[in-house]
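The values are calculated or read from the model by the stated rules, or taken from the named source; none is laboratory data. Nothing here was measured: the structure is a model prediction, and the numbers come from that model. No Cβ is skipped: glycine too gets one built from the backbone with ideal geometry, and neighbour counts run over all protein chains shown. Accessible surface is based on the protein model in full, side chains and every heavy atom, while ligands, DNA and RNA are left aside. Shrake-Rupley method; radii C 1.70, N 1.55, O 1.52, S 1.80 Å.
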Amino acid sequence: MTADAPQRHYRAPCPSCGAPVEFRSAAAPYAVCGYCRSTVVRSGEQLRRIGRMAELFDDHSPLQLMASGRIALDGQDQPFTLIGRLQYQSEAGVWAEWIAALQDGRTATLGEDNGAYVFTQSDAAAHPPAGLPPDLPRQLAGGTVTLDGQPWVVAFSGSVHLLAAEGELPKLPALGQPFELVELRSEDGQVLSIDYGHAPPAIERGRAVRLQDLQLTGLKDESAREDQGGRSFACPHCGAPVTVQLDSSKSCTCPSCHSLIDLSAGIGGELKAVEQSVHSTPLIPLGASGELEGVRWQVVGYQRRIGHEPGDDERFAWSEYLLYHRERGFAFLVDAEDGWSLVRTATGAPKIDKDHRRARYLGATYTLQSSYEATTTEVLGEFYWPVQAGQQTTNRDYVSGNNLLSTESGAGEVTTSVGSRIDGARVAEAFGLATAKARFERQDVGPFVASKGVGCMTLIVIIIFFIVIASIMDSCSGSSGYSRSSGGSFGGYSSGGSHK
């Protein structure tokens, strides 16, 4: 058999409506009829109806059934075809799992969560780790567990349920019935997903992937997924029209009164609005598009945040722009007084020393720059999580040369983000604001972080030194001097979910 030889197909009429139901994978015993939504199971050469599947919601994914690609697995280039999709929901968010039929007859999973993608294999190819604790679902996010001698960080632990499905399915959780799911992340970027809806638990292991690296063909035509200008409704506070462009948005603001509107229950549900005072104006307008790192991003959200170190009354502020790209998902453009940075939520989890002074991730070592409490004060636009004014997190920022890493804890979830600094003039040019690039210039300094061994007299000498330098600089250039900066939060909040 050649590498690209097609698998044997099996076709039979749907027992409910008579439409043809086709199976392309011998490993997928279930299927959802594309005509009447009946859920059927193969029984010998017959199909048996076992229920009806709920309608899928439009998640604006570029993927669709029968899209095909290639991925390197076990040292070999493996062709695959997407034959099924399951949509899941937890309190943290909604995500999809695409069933990939491999050329060798196995199935794998391409997980999609807010534009992030992870390719995993089941325990048929990824051996179950030794020492799996039975009480792992009760482990809090941010905790660590050692399996097969390897440390893992608990990125998510909670109850999830199946919303809807389509196509061929090797597994079929009961519709709407909750089950426990645990997501583990490693320092080298691996993901371990443990599904406690099975006995023994079903385990999948994988890593993050980019769509452009999968050589995908048969993707959904972008013109076919346009939403006719978005979803519109009246602001529950002032009655002005509000339009939501992204189906994945969980919160947005009214363009007229700036009320923050919670969309987590859906537009058809009861909408809750909270008034907020907006005092800042984004340098980059909402809806603007710009090319950074070879990707054409659109600004869909903006938030202003303040921070302070524990026990310190001094406050510092920064801005975060939420960027969106159809295939790359979401990224954050952070505007802090010490410079701009472009960051994305990481799939893996860094290995952090007990004293939190060092963090290691994907072979790089980062040094702690600052540790602080962060609060969201102003919000504009759309967000894929239910952002709230007053939302608080605990942040730690690490640096390694020009590269950045941040951990952010809040609401039972720990998020890691990675990225790098970017020149302010480059940001201005990217979004067509070159004539105003002077407003994008920032200081090239960061907050001073004293090491544990620095004494009081040393600190006094250092402070006097900086005062003298600042005075000289001020007399020469008219500058306002040093201003404390947070360095940015490098990623804000995440949606949670499985990221499988």
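Observations
- Those residues of region 360-376 which are in contact (Cβ under 8 Å) with a residue 60 or more places away in the chain and part of a strand (DSSP E or B), in sequence order: 360, 361, 368, 369, 370, 371, 372, 373, 374, 375, 376
- Residue ID - surrounded by the most Cβ atoms within 10 Å (Cβ to Cβ), chosen from residues in region 207-219 that are out of contact with any strand residue (DSSP E or B) (no Cβ under 6 Å at 6 or more places or on another chain) and charged (D, E, K, R): 213
- Residue, surrounded by the fewest Cβ atoms within 10 Å (Cβ to Cβ), within region 27-50, restricted to residues that are of a type in the set (Gly, Ala, Ser) and in contact with a strand residue (DSSP E or B) (Cβ under 8 Å, 6 or more places away or on another chain): 34
- For residue 66, the conditions (1) of a type in the set (A, V, I, L, M, F, W, C); (2) within 16 Å of residue 172 (Cβ to Cβ); (3) open to solvent by 40 Å² or more (accessible area, probe 1.4 Å) all hold with the exception of (2).
- Qualifying residue in region 324-347 (condition: of a type in the set (Ser, Thr, Tyr), closer than 30 Å to residue 233 by Cβ and either in a strand (DSSP E or B) or in contact with a Cys (Cβ under 9 Å, 6 or more places away or on another chain) (or both)): yes
- Remark: residue 366 falls outside the filter, which requires a residue to be crowded, with 19+ Cβ neighbours inside 10 Å, at pLDDT below 90 and closer than 29 Å to residue 291 by Cα.
- Listed by first and then second residue, the pairs with beta-carbon distance under 6 Å, at least 6 apart or on different chains, first residue in region 336-359 and among the β-branched types (Val, Ile, Thr), second open to solvent by 60 Å² or more (accessible area, probe 1.4 Å), form an empty list.
- All positions within region 65-105 that are of a type in the set (Lys, Arg) and under 29 Å from residue 161 (Cα atoms): 85
- Within region 404-436, the only residue that satisfies the criterion of being open to solvent by less than 10 Å² (accessible area, probe 1.4 Å), within 25 Å of residue 185 (Cβ to Cβ) and over 16 Å from the mean Cα position of the chain (by Cα) is 404.
- Subset of region 70-109 [among the acidic types (Asp, Glu) and open to solvent by less than 20 Å² (accessible area, probe 1.4 Å)]: 97
- Meets criteria (of a type in the set (A, V, I, L, M, F, W, C), modelled with pLDDT of 90 or more and not in a loop (DSSP other than H, G, I, E, B)) for residue 379: yes
- Of everything listed in (1) open to solvent by less than 10 Å² (accessible area, probe 1.4 Å); (2) over 22 Å from the mean Cα position of the chain (by Cα); (3) of a type in the set (S, T, N, Q), the single unmet condition for residue 371 is (1).
- Qualifying residue in region 303-321 (condition: closer than 20 Å to residue 244 by Cβ, touching a strand residue (DSSP E or B) at 6+ places or on another chain (Cβ under 9 Å) and of a type in the set (Val, Ile, Thr)): no
- Candidates 271, 286 - the one that is open to solvent by 30 Å² or more (accessible area, probe 1.4 Å) and either on the phi > 0 side of the Ramachandran plot or modelled with pLDDT under 90 (or both): 271
- Close pairs (6 angstrom Cβ cut-off, 6 or more residues apart or separate chains): closer than 28 Å to residue 331 by Cβ and without any contact (Cβ under 8 Å) to a residue 60 or more places away in the chain in region 99-124, of a type in the set (Lys, Arg) and open to solvent by less than 20 Å² (accessible area, probe 1.4 Å) anywhere: none
- Scanning region 382-403 for residues that are hydroxyl-bearing (Ser, Thr, Tyr), assigned to a strand (DSSP E or B) and surrounded by 22 or more Cβ atoms within 10 Å (Cβ to Cβ) yields 393, 398.
- Considering region 110-206, the qualifying strands (runs of 3 or more DSSP E), each wholly inside and each with 1 or more residues that are out of contact with any Gly (no Cβ under 7 Å at 6 or more places or on another chain), charged (D, E, K, R) and open to solvent by less than 10 Å² (accessible area, probe 1.4 Å), run over 179-185.
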